[in-house]
1. Convex hull over the alpha-carbon atoms of the stretch 35-79: what's its volume per residue in Å³?
2. Using packing as a proxy for protection, rank 21-30, 8-17 so that the peptide with the highest average count of other Cβ atoms within 10 Å comes first.
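Taken together, the values in this text are just the output of simple stated rules run on the coordinates, not laboratory data. Here the structure is a predicted model, which means the values were calculated and not measured. With ideal geometry, Cβ positions are generated from the backbone for all residues, glycine too; neighbour counts draw on all protein chains shown.
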Amino acid sequence: EALLIIEIDSAEGLPSMDVMTQRADPYCIIKFGTRVLRTTIKRRTRKPKWKEEFRILVSSTELNFDLIIELWDWDLISNNIIGKTSLCIAPLLKLDSKPLHPFALPIQRAEPLIRRVTYQK
């Protein structure tokens, strides 16, 4: 087993999703296997800052699964996807247990930053 730690830091350059405010109400959905996690909604911004951490216990049967991160815009009537990205975690598990340096995962017109992805045996 391994512990996957994901920190969703921030995004910049989001498109205007609301005609009235020329802003967005972004949040992220994190998917891994059957698990679905979600950040808080950041209201009326195109430069959200989440700084939220998520921990996922990865079993030996999930080592080749992809981590999927979707960026959404919240609305009262219906939510709209802004973009998404995925990351195969298998190469990360071959590293030692030291935290990785921050790196960005591009999501179409936005770039949320996953600050740290690590594992523990």
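1. Working: hull volume 4.6 nm³, N = 45.
Measuring per residue, one finds 102 Å³ for the Cα hull of the stretch 35-79.
2. On the way: 21-30: 20.1, 8-17: 17.8.
For the peptides 21-30, 8-17, the packing ranking is 21-30, 8-17.
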